[in-house]
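For reference, the structure discussed in these notes is given below.
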Amino acid sequence: MKTTILKHKLFYFFILLSLAIYFNGCSTDDDDITSQTFLEKYDGTKWVNTDEFTIYIRLNDNINKLVETWFLFGDCYFYDYDFESEGVEIVENSENKLIIKYTDDGDIETVTVTIQGETLKVVIKEGNEEEIIYFDKTSVNVDDLEICPDLD
């Protein structure tokens with residue numbers, strides 16, 4: 001009788017141990033889940049500002065073309081990518097914020113980019129001066145915008 005009880009206890013113990021291992025093995029491990037960076041999350045998104053001029057931008061998860069710009073001039077757009085790889089340092093690229101430091105001929109400009117709903121907030125600091133620009137999310141195909149001919 002004691003042997004039967006001991007066998008049942010061992011049997012239940014192994015069942016409980018197996019279930020515990022099974023459920024722990026199947027649960028998602030939060031440590032393995034990595035959140036996306038700002039650039040990964042918003043790669044390819046397009047934004048527009050029409051305050052004084054019409055300006056479209058596209059964010060890219062690419063150090064050579066972090067921000068592409070289309071600036072309306074008359075009936076066509078001037079195209080540029082604002083931050084080329086030389087003199088650019090990504091200070092922060094977290095899930096909700098992008099901070100870029102841009103150095104050009106000794107001048108340092110810091111650009112902080114955050115998202116507020118469907119609005120992109122860009123804070124540009126150079127020395128003691130600060131400018132804030134808001135862009136609205138857009139679905140315009142910026143690749144179809146008419147580019148102004150080079151004036152070389």
Report task. Enumerate the calculated ³J(HN,Hα) couplings along the range 48-59 in order (Karplus 6.51 cos²θ - 1.76 cosθ + 1.60, θ = phi - 60°), each rounded to whole Hz, writing x wherever the residue is Gly or Pro. Result -> 9, 10, 10, 4, 9, 10, 8, 10, 9, 10, 10, 8
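Within the set of other residues whose C-beta is less than 15 Å from the C-beta of Leu145, count the net charge using Lys and Arg as +1 and Asp and Glu as -1. Don't jump to the answer; show the numbers that get you there.
Details: positive: Lys46, Arg58; negative: Glu68, Asp75, Asp80, Asp143, Asp144, Glu146.
Here the charged neighbours net out to -4.
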Query raised in the report: For the range 139-150, in order, what is each residue's ³J(HN,Hα) by Karplus, 6.51 cos²θ - 1.76 cosθ + 1.60 with θ = phi - 60°, in whole Hz (x at glycine and Pro)?
Result: 10, 4, 7, 5, 5, 8, 5, 6, 8, 5, x, 4
**Report entry** Pairwise FRET efficiency - Asn64 versus Glu109, Cβ, R0 = 25 Å, nearest 0.05
**Finding:** 0.85
Report task. Work through the residues other than Val113 whose Cβ is under 9 Å from its Cβ and net out their charges, Lys, Arg +1 and Asp, Glu -1. Result -> +2
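A short reminder: the numbers here are calculations on the coordinates, not readings from a lab. Note that the coordinates shown come from a computational prediction; the quantities given were computed from them, not determined experimentally. Cβ sites come from the backbone with ideal geometry, for glycine too, and all protein chains shown count toward neighbours.
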